[in-house]
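Data first, discussion second: the structure below is written as structure tokens.
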Amino acid sequence: MEIQSFLLCRELRKVGSGNEYDANLICLHSFYSLDGRFPLEFSLPYYMLLRRKTREGDETFSLRFNLIDSDGNRVGEPKDVKAISTFPNGHMFMSLQGTIHFSFPEIGDYRLDITADEEKFPFIFQYNIEVTENPN
């Protein structure tokens, strides 16, 4: 299984049947503390598109979320947050929506590592994030 796309956004809402969603402020990647205090904590919705190699059968899979600092260390949140779901029979693609809680310890460069199917054939998707000083 692979993660084909992953987006953080300010707002995500279902607008129709199936996989029809609408989002505001998509591809968020840069954040700052309004008051200069750390840790910087907030939660954001995400949208993810997954693909597997076959349409055959129900297939259970897992995702693990970790925030990684510029030295490659797991820090803040999410830390080892695991989600488990199932691809339904007859489908090769599946979208997932949810909310991730973040806690950044300080200003710096980070990445969100999402490991898919680590128990079988691991696939790691990386989403880069920067935490900067307040520009005002």
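The values are calculated or read from the model by the stated rules, or taken from the named source; none is laboratory data. Keep in mind that this is a model prediction, so the values were computed, not measured. Methodologically, a virtual Cβ is constructed for each residue, glycine included, from the backbone with ideal geometry; neighbour enumeration extends over all protein chains shown. Just the protein is used for accessible areas: all its heavy atoms, side chains included, with ligands, DNA and RNA removed. Shrake-Rupley method; radii C 1.70, N 1.55, O 1.52, S 1.80 Å.
Being open to solvent by less than 70 Å² (accessible area, probe 1.4 Å) and touching a Phe, Trp or Tyr at 6+ places or on another chain (Cβ under 9 Å) is the filter here; which residues of the stretch 65-74 pass it?
Listed by number, the residues that qualify are Leu67, Ile68, Asp69.
For residues that are among the charged types (D, E, K, R), open to solvent by 60 Å² or more (accessible area, probe 1.4 Å) and in contact with an Asp or Glu (Cβ under 8 Å, 6 or more places away or on another chain), tally how many sit in the stretch 17-61.
The total comes to 2.
When the residues of the stretch 1-16 are narrowed to those that are of a type outside the set (Gly, Ala, Ser) and not in a strand (DSSP E or B), which ends up surrounded by the fewest Cβ atoms within 10 Å (Cβ to Cβ)?
Val15
Could you give me the residue pairs with C-beta distances under 7 Å whose first residue belongs to the stretch 85-111 and is farther than 19 Å from Phe31 by Cα, whose second residue is part of a loop (DSSP other than H, G, I, E, B) and open to solvent by 60 Å² or more (accessible area, probe 1.4 Å) wherever it lies, and which are 6+ apart or on separate chains?
Thr86/Asp58; Phe87/Asp58; Pro88/Asp58; Asn89/Asp58; Gly90/Arg55; His91/Arg55; Met92/Arg55; Ser95/Asn19
Of the residues in the stretch 19-47, how many are in contact with a Ser or Thr (Cβ under 7 Å, 6 or more places away or on another chain) and either farther than 23 Å from Thr115 by Cβ or in contact (Cβ under 8 Å) with a residue 60 or more places away in the chain (or both)?
So the answer is 6.
Would you confirm, using the coordinates I've provided, whether Ser70 is modelled with pLDDT of 95 or more, touching a strand residue (DSSP E or B) at 6+ places or on another chain (Cβ under 9 Å) and not aromatic (Phe, Trp, Tyr)?
Criteria met by Ser70.
Tally the residues that are at pLDDT 95 or above, open to solvent by less than 30 Å² (accessible area, probe 1.4 Å) and under 13 Å from the mean Cα position of the chain (by Cα), restricting the search to the stretch 116-136.
Count: 2.
Name the single residue that is least open to solvent (accessible area, probe 1.4 Å) among those in the stretch 75-115 being over 15 Å from Tyr127 (Cβ atoms) and basic (Lys, Arg).
It comes out as Lys82.
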